[in-house]
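The structure under discussion appears below in the form of C-alpha cells.
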Amino acid sequence: MKISVIGSGYVGLVSGACFTEFGHSVICADLDQSKIDALNSGRIPIYEPGLEQIVKRNSASGTLSFTTDVEQAVRDTDVVFIAVGTPSRRGDGHADLSYVYAASKSIATAMQGYTVVVTKSTVPVGTGDEVERIIRDTNPDADFSVVSNPEFLREGAAIEDFKRPDRIVVGVEDRRAQAVMEEVYRPLFLNQSPLLFVNRRTSELIKYAANGFLAMKITFINEMADLCEAVGANVQDVARGIGLDKRIGPKFLNAGPGYGGSCFPKDTLALAKTAQDYEHPVRLIETTIAINDNRKRAMARRVISACGGDVRGKKVAILGLTFKPNTDDMRDAPSISIIQALQDGGAIINAFDPEGTEEARKILHDVSYFSNAYEAARGADALVIVTEWDTFRALDLGRMKEELNSPVLVDMRNIYRRDDVEQAGFAYHCIGRA
Ligand code: NAD
C-alpha cells in the first residue's frame, strides 16, 4: 500500500519507518525543513534506539522518503496518517488541535481517489468528526473515510512497541475503511497482535483512558512511597507484593519523582478538560494531576533537606534530565521543575544526561552541562539521580566520593541499595524506603 505520514516526529517517523518494514511504501512529510533535510541526508533528528538502521535501510531501498511538501506526500496515497503534535493549549489545558486541523486542510486539498485519513495523534473525543467536516468543507467532492488509530508506543522502546504491540486500536465508522486498515496492519495481525475495531469516539477515548490509568498507577505508588516513609515500610516490596497480583500487574509501580514526558501530563489534562466539558468530571484524574504537580517541587525540597535545609550557594549535581532513559525528549521532564525549584532556593546546578543535553539547553538555563557523571559531580554538595539511565546504575562510588564536596546521594529512582551506598561512605536518601 502507499502510505503518507504527516508529521515526522517521534510517532510519525517511527510509524513511517515501521510501515515500510511491513512492506508498504511510505512518504513522511513535515513542515520543519531542518528535520527533513536531516532525514534526507541520512541523519535522524531524534534519539530512538534502532530507528537509524530502519530509516537508512528503507530510504536506500526507495520505500521510505521524506518531504516538506505535505500535499505532494498525500497525492496518490491510499492512507494518510496524521501524526502531528497535540500539545496542551496555552491557558486552558485543552489539547491544541490547530496542527491536526491544518494538516486536515492540506490533506483535503491534495487527496485523489478514495483515501483513508487516520488520526494517529492523540486527539480528544469528537476530533475525528471535526476532521471529517474540515475535509468535506474544503473538498466537497473528496471520496474518503476518517479513522482513529491512536499510538501506544513508548519512547526508548518505540520500534519494539510498534512492531509487537499489546494491541492495535482502530476506530472506524464504515466497512470500507476497516478493510483498508486490516490491510495496513496485516503483518501484525498475522503475528497475532490483537486488532481491536471499535467506533471512532471509543477509539479516541481508549487512548486517554490508557494514559490516564497509567498516570494514576504511578501516582498511586508515589503516594504509597510517602506513606512507607512515614510508617517504616519499603515501597519496592509493597510494589512487588501487589504487582504479583495479576489483577494489578507489576508495571508502572516504580516510585519516583512523578510522571513527566510528552504524553501523560498533557493527556491527563486534556482528559480532565473533556470530561468537564461533558459535565462528567473525572475526579481521579484531576486529583492525579494535582498530586503529580506538587510532587516535583516536593522532590526539590528533599534535596534541600538532604543538603542540611539550605542550598543557597551550594552546588547540586543532577544525573539524568530526560523524562525517562533512552530518549532525548525533555518535554515536561520532572528534572525541569526540580532544577528550577533548586535554583529558586539559590543552588548552583551541574548536570549530565547521556542524550538529552541538547534539548535540555533549550529549556534549562544557568545550568553547567558536563559530558560524564564524575565531571558533573566535581565539587558538588549533593549528587541527585533524577533519571535512571543504565549508565548511572553502576557508578564507581569510591571515585564519586572523591569528586564530591560532600558525599550525599539522593536517589529518586531507587536504583541503589542503601547498604552499598552507606558502606561507600555516603549519606543516602531514596524514595519510600525508610
Ligand atoms: P513531535 O512534536 O515529535 O512531532 C510532531 C511533528 O509534526 C513535528 O515535527 C512538527 O514539525 C510536525 N508538524 C506539525 N504540524 C504539521 C503539519 N501541518 N504538517 C506537517 N508536519 C507538521 O510529536 P510526537 O511526540 O511525535 O507526537 C505526535 C502525536 O502522537 C501527539 O498527539 C502525541 O500525543 C502522540 N503520541 C506521542 C507518543 C510519544 O511517545 N511521543 C506516543 C503516543 C502518542
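Computed from the Cβ-Cβ distance with R0 of 35 Å, the FRET efficiency linking R418 to Q276 stands at 0.20. The residues neighbouring H94, those whose beta-carbon lies less than 9 Å from its own, together hold a net charge of -1 under the Lys/Arg +1, Asp/Glu -1 convention. For the range 195-243, the mean projected area of the C-alpha convex hull, equal to one quarter of the hull surface, is 4.4 nm². For the chain, the relative contact order works out to 12 percent when only alpha carbon pairs closer than 8 Å and six or more residues apart are counted. For the range 1-56, the share of accessible area belonging to carbon and sulfur comes to 50 percent (1.4 Å probe, ligands and nucleic acids excluded).
Output the relative contact order of the range 295-429, whole-number percent, from Cα pairs under 8 angstrom with separation of 6+ residues. Please report the intermediate quantities before stating the final value.
Details: 271 pairs, mean separation 34.3, N = 135.
The value is 25 percent.
Ranked highest first by the average count of other Cβ atoms within 10 Å around their residues, in what order do 109-117, 229-237 fall? Intermediate results must be reported in sequence, preceding the final value.
Details: 109-117: 19.3, 229-237: 14.7.
For the peptides 109-117, 229-237, the packing ranking is 109-117, 229-237.
Tell me, what is the percent relative contact order of the range 151-236, built from C-alpha pairs under 8 Å that lie six or more residues apart?
Values: 61 pairs, mean separation 23.0, N = 86.
Here the relative contact order equals 27 percent.
Among DSSP beta bridges whose residues both lie in the chain, state the antiparallel percentage, nearest 5.
Numbers: 3 of 47 bridges.
Antiparallel bridges: around 5 percent, rounded to the nearest 5.
Please name whichever of Y99, I134, S121 sits farthest to the positive end of the charge dipole of the range 2-198, dipole taken about the Cα centre and charges placed at Cβ: Lys and Arg +1, Asp and Glu -1. Result: S121, furthest along the dipole toward the positive end. Across all Cα pairs in the chain, the calculated P(r) in 10 Å bins from zero up to the longest distance comes to 4, 20, 28, 24, 15, 7, 1, 0 percent per bin.
The alpha-carbon atoms of the range 153-242 define a convex hull whose volume equals 120 cubic angstrom per residue. Computed over protein heavy atoms with a 1.4 Å probe, the accessible surface of the range 2-198 works out to 42 Å² per residue. When Rg and the Kirkwood Rh are both derived from Cα coordinates, the Rg/Rh ratio for the range 2-198 amounts to 0.94. Think of the chain as having a plus end and a minus end, set by charges on the Cβ of Lys, Arg, Asp and Glu; of Y47, S203, N222, N222 sits farthest toward the positive end of this dipole.
Within the set K35/K296; K251/K315; K2/K105, which residue pairs have Cα atoms separated by over 30 Å? Don't jump to the answer; show the numbers that get you there.
Details: K35/K296 32 Å; K251/K315 35 Å; K2/K105 20 Å.
In this structure, K35/K296; K251/K315 lie more than 30 Å apart at Cα.
Once you reduce the range 260-280 and the range 157-203 to the center of their Cα atoms, the two points are 24 Å from each other. If you wrap the Cα atoms of the range 62-150 in a convex hull and average its projected area over all directions, you get 6.1 nm². Looking at the range 295-429, the DSSP beta bridges with both ends there are about 0 percent antiparallel.
The values are calculated or read from the model by the stated rules, or taken from the named source; none is laboratory data. Since the structure is predicted, the reported quantities are computational estimates derived from the model, not experimental observations. Methodologically, a virtual Cβ is constructed for each residue, glycine included, from the backbone with ideal geometry; neighbour enumeration extends over all protein chains shown. Remember, those area values only see protein heavy atoms, side chains included, never the ligands or the DNA or RNA. Shrake-Rupley method; radii C 1.70, N 1.55, O 1.52, S 1.80 Å.
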